[in-house]
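A.B. asks: Take this structure, written in structure tokens, and hold onto it; I'll ask about it next.
The values are calculated or read from the model by the stated rules, or taken from the named source; none is laboratory data. Source: prediction; values computed, not measured. Cβ placement follows ideal geometry from the backbone for every residue including glycine, while neighbour counts extend to all protein chains displayed. Heavy atoms of the whole protein, side chains included, go into the accessibility calculation; ligands, DNA and RNA do not. Shrake-Rupley method; radii C 1.70, N 1.55, O 1.52, S 1.80 Å.
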Amino acid sequence: MEQTILVVEDDEMIRNLIRLYLEKENYHVIEATDGVEAQKLFLKHHPCLIILDLMLPKLSGEEFCEWIRGKEQQDVSIIMLSAKSQVNDKIDGLKMGADDYLTKPFNPDELLAHIEAVLRRTGRYCQKIVHDGLCIKVRKGEVTLHGENINLTKHEFNLLYFFMSNPDSVFSREQLINQLYPNHEHEVLDRTIDAHIKKLRMKINDQNQPQRIQTVRGMGYKFVSEKQHV
């Protein structure tokens, strides 16, 4: 699965350089120019790793790091990339919750090596699927919508995981029944799936994407990965 990295850097030249090197290694890169924008992008994309400058407008890198660690402990890694080069700066960054600390100027190949090393250590925690602010954390059995926890039943969770693992694909009610009840000995009615879908829709829909699970007339249901007008 393609891993998402959030680059938080207000210097356009440095940001573009990092993006080019990361995309060459097949990472999915999203970019923020300040701490406030970084917060919004984090809640939408839930990246596995953040490359974080410290001297940022609107919200400093230190404040953003503290905000992240207040939300997620092990689901995201942070590499601080800063012109602050004193030993105390590095120590403070690591104590604050950074997994690594590099100083500017830096060698892009060295940064890539640090990214790979951090992800080897922490990547196992980043087992999640994200679509436009909706995040399902498989390892933890948790679902969040724009950072807020959503309580799902076992069947709702399994149904959502199946949909999000197969976005934009249409599944019949029979296929969904076999997915949720693989060893069912008694007949499971179509309306059982319809009821699960109805309850799940109410919990995961929002103003940004009110129809994440769409009905395809005569065929079944599909989970849409992008905003669509119906």
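A.B. asks: Please identify the cysteines of the chain that lack any partner cysteine with a Cβ under 4.7 Å from their own Cβ.
C.D. replies: So, Cys65, Cys135.
A.B. asks: Could you give the angle, 0 to 90 degrees to the nearest 10, between helix 61-71's Cα long axis and the longest principal axis of the Cα atoms of the chain?
C.D. replies: Around 30 degrees separate the two axes.
A.B. asks: Among bridges DSSP assigns within the chain, what percent are antiparallel (round to 5)?
C.D. replies: In the chain, approximately 50 percent of DSSP beta bridges are antiparallel ones.
A.B. asks: Under a 5 Å amide H to amide H cut-off, with H placed in plane at 1.01 Å, what residues pair with Ile78 once short-range neighbours are removed?
C.D. replies: Excluding prolines and chain starts, which carry no amide H, the hits are Ile50, Asp99, Asp100.
A.B. asks: Might you report the magnitude of the Cβ-based charge dipole of the chain about its Cα centre, with Lys and Arg at +1 and Asp and Glu at -1, to the nearest 20 debye?
C.D. replies: In total the dipole reaches around 860 debye.
A.B. asks: Shifting gears a bit: Tell me, what is a quarter of the convex hull surface for the C-alpha atoms of segment 1-130, in nm² with one decimal?
C.D. replies: 7.0 nm²
A.B. asks: Just to confirm, what accessible area per residue do you get for the chain at 1.4 Å probe, in whole Å²?
C.D. replies: Accessible area per residue: 54 Å².
A.B. asks: For the pair His155 and Ser60, how long in nm is the line joining their label points, each one 7 Å along Cα→Cβ?
C.D. replies: Placing both labels 7 Å along Cα→Cβ, they lie 5.2 nm apart.
A.B. asks: Still on this model: Hey, with R₀ at 41 Å, roughly what FRET efficiency would Leu20 and Glu148 work out to, going by the Cβ-Cβ distance, to 0.05?
C.D. replies: 0.75
A.B. asks: Tell me, what is the percent relative contact order of segment 87-230, built from C-alpha pairs under 8 Å that lie six or more residues apart?
C.D. replies: 18 percent
A.B. asks: Between Ser77, Ala117, Val216, whose Cα lies farthest towards the positive end of the dipole of the chain when Lys and Arg beta carbons carry +1 and Asp and Glu beta carbons carry -1, centred on the Cα centre?
C.D. replies: Ranked along the dipole, the leading option is Val216.
A.B. asks: With a Förster radius of 25 Å, plug the Cβ-Cβ distance of Lys199 and Ser172 into 1/(1 + (r/R0)^6) and report the FRET value to the nearest 0.05.
C.D. replies: E(calc), rounded to 0.05, equals 0.80.
A.B. asks: Mind checking the full-extension length gain between Asp11 and Val87? Use 0.36 nm per residue of separation minus the Cα-Cα distance, one decimal, nm.
C.D. replies: 25.0 nm
A.B. asks: What is the Cα radius of gyration of segment 94-198 over 2.2 N^0.38 Å, N being its residue count?
C.D. replies: So the Cα radius of gyration is 1.54 times the expected 2.2 N^0.38 Å.
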